[in-house]
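Pasting a structure here, questions to come.
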Amino acid sequence: MLEFDSATKRFGPLTALDACTFTARPGRLTGFVGPNGAGKTTAMRAVFGLVELDSGSVLWKGAPIGPEVRARFGYMPEERGLYPRMRVRDQLVHLGRLCGGTTATVVRSVDGWLDRLGLADRAQDRLDTLSHGNQQRVQLIAALVDAPDLLVLDEPLAGLDPLAIAAMSDLLEELAAGGATVLFSSHQLDLVEDICEDVVIIHAGRVVRAGDLADLRARATQRFVRVRYLGAAPDWSGLRSVEVTEETDGEALLRVDQDVDLGALIDAVRRRADLVSFVYQPPTLSELFRSAVAA
Ligand SMILES: Nc1ncnc2c1ncn2[C@@H]1O[C@H](COP(=O)(O)OP(=O)(O)OP(=O)(O)O)[C@@H](O)[C@H]1O
Ligand SMILES: [Mg+2]
């Protein structure tokens, strides 16, 4: 288990991490979300000793993280730190050797991942001749070569095409299912909601929500109704204790009170729209995020 315990980091007058406390558990995917500048990258860098905390700590299995333990972690940094002019396979093998693997095991691991991520035919190319998304895959392999117990990935999905995002998500789920602790940051909240069991929402250096996503959703006081209808957007005026939070083609999301009379609401919606579906639900991660960050 990775544990942030009141981790605090100041840059001059700015408090980038403010008593930041949360855990990432083995066998689970933990999504780390928050607005730009919230402190995600700073927190992740602290795991690797790249940021020195002013107070508090980051622990792995209950103990401070030393260089030997850290060498068993996989990290995909925000500033992708590979050698642009070195050949893909050569540098992955080089990095794997630095982590302490024997050449034979590292080569086997690198070739396996290149194959799995569809890069076998680019193995002999210079990194800087690959597209952004493919460079990202190479960066991911660099984090995976050593079969780490802890994976910390800073926006691994940014800039990937939809197929690559799906492949990357499957892979992250698989790694967690295999017992690894996986912490990754992302701004793609719908995707985080789909694949993560746990989430951490950070805002201005403070953790504002953390834990099992299903629990967080269930415990939230707000409730929503997702309505699908045929034809043009209805006139929602006159609905009491209901706020329309999103409206797209043929679909609206209504924020309602927890004790809303659903029967009366369905009737009221029916009077306004040619109703296709009506689903009562807890807040999505996007809504949890919005209300946590607005508070
Ligand atoms: N080396 C540094 N010197 C000064 N300020 C810094 C430094 N690193 C980060 N900060 C500041 O700390 C705050 C947190 O930054 P951080 O990069 O951790 O945010 P983030 O959550 O990763 O944001 P994003 O979603 O944009 O990647 C920001 O206000 C940033 O400007
Ligand atoms: Mg960042």
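Counting only DSSP beta bridges with both residues in the chain, tell me the antiparallel percent, nearest 5.
Values: 40 of 57 bridges.
Within the chain, antiparallel bridges account for around 70 percent of the total.
Taking 0.36 nm per residue of sequence separation and subtracting the Cα-Cα distance, how much length would be gained by fully extending the chain between Thr221 and Leu50, in nm to one decimal? Kindly include the intermediate steps, with their values, before the conclusion.
Numbers: separation 171, 0.36 × 171 = 61.56 nm, distance 3.88 nm.
Full extension of this stretch gives 57.7 nm more.
Another question, then. For the range 2-217, report the convex hull volume of the alpha-carbon atoms normalised per residue, in Å³, without decimals. Working shown, then result.
Values: hull volume 25.5 nm³, N = 216.
Hull volume normalised by residue count: 118 Å³.
Roughly what would the spin-label model give for Glu246 and Ala71, points 7 Å off Cα along C-beta, in nm?
Between Glu246 and Ala71, the simple spin-label model gives 4.7 nm.
Sort 72-79, 114-121 by the packing proxy (mean of other Cβ within 10 Å over each peptide's residues), most packed first. Let's see the in-between values first.
Numbers: 72-79: 17.1, 114-121: 15.1.
Ranking, from highest mean packing down: 72-79, 114-121.
Using a basic spin-label model with each label point 7 Å from the Cα along Cα→Cβ, how many nm lie between Tyr83 and Arg228?
In this crude spin-label approximation the distance works out to 5.3 nm.
Throughout, read-outs are computed from the coordinates displayed, never taken from laboratory work. Please read these numbers as outputs of a predicted model, since none were measured by experiment. Neighbour counts are summed over all protein chains in view; Cβ atoms, including those assigned to glycine, are modelled from backbone coordinates with ideal geometry.
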